[in-house]
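Step one of this worksheet: look at the structure below.
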Amino acid sequence: VKVLIGNPPWLAYRYMTTDMQSEFRSQSIARNLWTGRKMATHQELAAYFVVRCAELYLKSGGRFGFVMPNAVLTRDQYEGFRTGKFASVSAGELTAKFDRAWDLDKIRPFPFPVPAAVIFGHKTVNDPHPLRREDIQIWAGKLLSETALWDNVAQLVTITAADPSALTTYAGSSPYRDQFFEGATVLPRSLVCVDILPPPALGLPTGMVRVRSARSKQEKEPWKSLPALEGAIEKPFVKRMLLGSTVVPYRTLEPWRAVIPWDGKVLFDVDDSGLEQFAGLAEWWREASTVWQQHRQPKSPQSLTNRVDYQRGLVKQFGTVGTRVVYTTSGSSLVAALVDDASIIIDHSLYWATVSSGAEASYLCAVLNSSAMEAAVAPLQAKGNFGRRHFHKFVFDIPFPLYDRDDGLHRRIQELGSQGQLVARDVPIPAGTDFKS
């Protein structure tokens with residue numbers, strides 16, 4: 001055919017069946033669409049669908065237009081797609097000439113569950129033209145439900161060219177990128193996180209603490225409907241843990257408590273003989289592990305211990321010495337704080353790094369808490385119904401340097417960070433506070 005118009009299925013890799021994931025990955029690699037790495041779970045069927053339809057049905061030189069997730073314009077998982085180079089299994093060196101795209105992020109209400117875009121181009125062979133920033137048109141306006149005809153829509157929409165200087169990638173990368181790690185996946189919360197209860201009337205054995213599963217409105221099924229666990233556990237195994245919700249600019253709030261089966265040398269699993277030395281921990285961890293086995297997803301780790309230490313996110317925190325800096329993985333604002341207690345566990349809703357000095361920590365906190373950093377990283381973030389989200393390591397695409405105490409500007413930034421820490425420490429935070437300001 002000469003023209004293809006469509007709205008492909010939007011389906012992320014993480015929601016596909018195991019068989020579909022295997023086939024999708026293989027087909028995407030063959031067509032230069034697979035980014036992999038940490039982007040693997042975000043890879044989208046939509047990009048493969050467009051390429052495969054062009055491969056099967058579109059004549060060389062034919063034109064296409066497809067409605068896509070807005071992420072196609074900037075996100076890493078679409079990097080191969082935007083090049084227009086698709087090494088096809090059945091059509092030789094299939095390529096595309098992208099010539100235009102519509103960014104619909106500023107259209108209200110959203111026409112889809114997540115912000116959308118539309119991409120246009122021609123099918124070519126060995127003649128690619130990548131999708132560039134200057135090819136994007138930004139649509140903005142508030143549409144009325146009764147507005148159906150284009151003549152009426154056109155009066156409500158403004159269309160402007162994207163600013164070529166508003167790049168979504170930056171020259172270089174901060175050397176801090178490799179020093180920061182994602183925290184531990186301490187999930188499900190109802191099996192691991194606890195509230196400390198008053199001791200019973202007859203008291204507790206020395207060194208024990210009475211606990212019950214911590215519950216929250218954010219719990220998901222099946223864990224939400226399961227009864228809370230309760231027991232008495234040896235105090236050293238009830239660790240303090242920081243989540244994204246317990247960090248505000250320059251300071252941390254009251255940590256959560258989590259049952260972590262680490263004795264200083266070994267992270268116990270239910271079959272480890274050493275677990276028997278600690279009766280309270282053993283009873284809790286075996287009961288929690290049984291519940292985990294009964295309700296976990298088929299692709300989840302087999303044991304609860306492996307779940308909380310996914311990709312060694314927990315074990316690599318043990319033995320850290322010195323001051324750490326943490327910042328939030330996602331949220332409405334990027335916030336960072338200093339953590340000077342090495343025993344505190346960092347949850348996966350935070351990234352953390354050990355720094356060489358308090359001065360370096362102040363420097364990092366000042367940079368990460370700044371409105372300048374938040375504005376710079378905004379174009380790199382994914383967007384959903386509630387705006388931009390997920391900072392992850394995009395902050396290190398902004399190439400700020402390592403702290404140098406001999407650099408006057410660095411010292412000034414460090415001083416501002418120190419002042420921020422003093423204010424955050426000394427000023428009470430009432431409910432409803434605008435933390436960023």
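The values are calculated or read from the model by the stated rules, or taken from the named source; none is laboratory data. Treat the numbers as computed from the prediction; the structure is a model and nothing was measured. Don't worry about glycine lacking a Cβ; one is built from the backbone with ideal geometry, like all the others, and counts go over all protein chains shown. Only protein heavy atoms, including side chains, enter the accessible area calculation; ligands, DNA and RNA are left aside. Shrake-Rupley method; radii C 1.70, N 1.55, O 1.52, S 1.80 Å.
A few notes on this one:
- Subset of the stretch 1-18 [loosely packed, with under 14 Cβ neighbours inside 10 Å and under 16 Å from Gln297 (Cα atoms)]: Arg14, Tyr15, Thr17, Thr18
- Members of the stretch 181-196 found to be outside any helix (DSSP H, G or I) and open to solvent by 30 Å² or more (accessible area, probe 1.4 Å), listed by number: Phe181, Glu182, Leu187, Asp195, Ile196
- Identity of the residue in the stretch 295-331, in contact with a Lys or Arg (Cβ under 8 Å, 6 or more places away or on another chain) and either touching a residue at least 12 places away in the same chain (Cβ under 8 Å) or under 24 Å from Leu402 (Cβ atoms) (or both), that ends up surrounded by the fewest Cβ atoms within 10 Å (Cβ to Cβ): Ser330
Rundown of residues vs (1) assigned to a helix (DSSP H, G or I); (2) open to solvent by 20 Å² or more (accessible area, probe 1.4 Å); (3) in contact (Cβ under 8 Å) with a residue 24 or more places away in the chain; (4) out of contact with any strand residue (DSSP E or B) (no Cβ under 9 Å at 6 or more places or on another chain), yes/no style:
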position	(1), (2), (3), (4)
Tyr351	no, no, yes, no
His392	no, yes, yes, no
Pro401	no, yes, yes, yes
Arg405	no, yes, yes, yes
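- Candidate set: the stretch 228-265, residues that are without any contact (Cβ under 8 Å) to a residue 12 or more places away in the chain and open to solvent by 70 Å² or more (accessible area, probe 1.4 Å); chosen: the one nearest to Gln297 (Cα to Cα): Lys265
- Evaluation of Val325 against (1) in a loop (DSSP other than H, G, I, E, B); (2) within 22 Å of Arg240 (Cβ to Cβ) (one fails), failing number: (1)
- The stretch 171-180, subset surrounded by fewer than 19 Cβ atoms within 10 Å (Cβ to Cβ) and modelled with pLDDT of 90 or more, residue farthest from Leu380 (Cα to Cα): Gln179
- From the options Leu409, Leu364, Leu368, residue that is open to solvent by 50 Å² or more (accessible area, probe 1.4 Å), farther than 26 Å from Gln43 by Cα, not small (Gly, Ala, Ser) and not in a strand (DSSP E or B): Leu409
- Looking only at the stretch 197-217, and only at residues there that are assigned to a loop (DSSP other than H, G, I, E, B) and free of Cβ contacts under 8 Å to residues at least 24 places away in the same chain, the one that is nearest to His348 (Cα to Cα): Lys217
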